Amino acid sequence: MDHLLPVLVSDEIRHALPGLRVHTMVFEGARIGVGHAGLDPLRHRLVRRVDQLCERHGHIADIPTVRALIGLLADLGQDPYANAPSLLRRGQAMTRRDPFPVENDAQDAALLISLYYMVPAFLLDVDQLRPPLVLRPSSDATIGLTPTATTHASSALVLSDEEKILRSVQHEIGRAPVTELTRSFALVLLDPGVDGGLDPERTVQRVDNWISTLTSAELLKATVSP
């Protein structure tokens, strides 16, 4: 697993947002189901937390981590409202009390972690990755959402490996998906680094607790990009 870590960050992103850090945690031995009983209490907790953040800052887009992502996308030449971060759309759906999407316990946990910290969170099947993993602007005019579907995404903020774009901050890309057959996976958190950023030790403790409870997976290693 060591060859997966740390995730590299391109110079363009470093220049635009020097404080950005990538937290990566690799888990193995997962037993992934659907509808774990522990999800509902976490969802209720998340609703309260996001409501409190909105009361404090006024709007999802004004939460400091989200605002920093919007600024980063603008610096990369994107229209951050025409191509808004998925995190912003998910937070807005929560404030409307839309039903939580249900995929599987690992994917659902990753969404809750993303909303708890208000940062993008990517969940990836380790066996489908071809390191190194790099966070960078897309140089392609289009990117593949799935092996058969594409979208226009020049300069989109993406996570890629040696062969393909895996995830995007703005687009729902389904490469290296974690399914009920997955046994080893990586969770990648993009921390803009505002207000001191995420505390690595406390973040790992919370993520490990949630992930191990919901999937029975064991944390192998955690790193933060330099």
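The numbers here are math on the coordinates, done by the rules we state, and not lab data. Bear in mind the structure is a predicted one, so any value in this text is a computation, not a measurement. Glycine also receives a Cβ, built like all others from the backbone with ideal geometry; neighbour counts cover every protein chain displayed.
Only Cα pairs under 8 Å and at least 6 apart count here; give the relative contact order of segment 2-224 as a rounded whole percent.
36
May I ask you to order 39-46, 166-173 by the average number of other C-beta atoms within 10 Å around their residues, highest value first?
166-173, 39-46
log₁₀ I(q)/I(0) of the chain at q = 0.18 Å⁻¹, via Debye over equal Cα point scatterers, no solvent, to two decimals?
Results for the chain at q = 0.18 Å⁻¹ read -1.53.
Quick check on packing: order 72-85, 7-20 by the mean number of other C-beta atoms within 10 Å, highest mean leading.
Highest mean packing first, the order is 72-85, 7-20.
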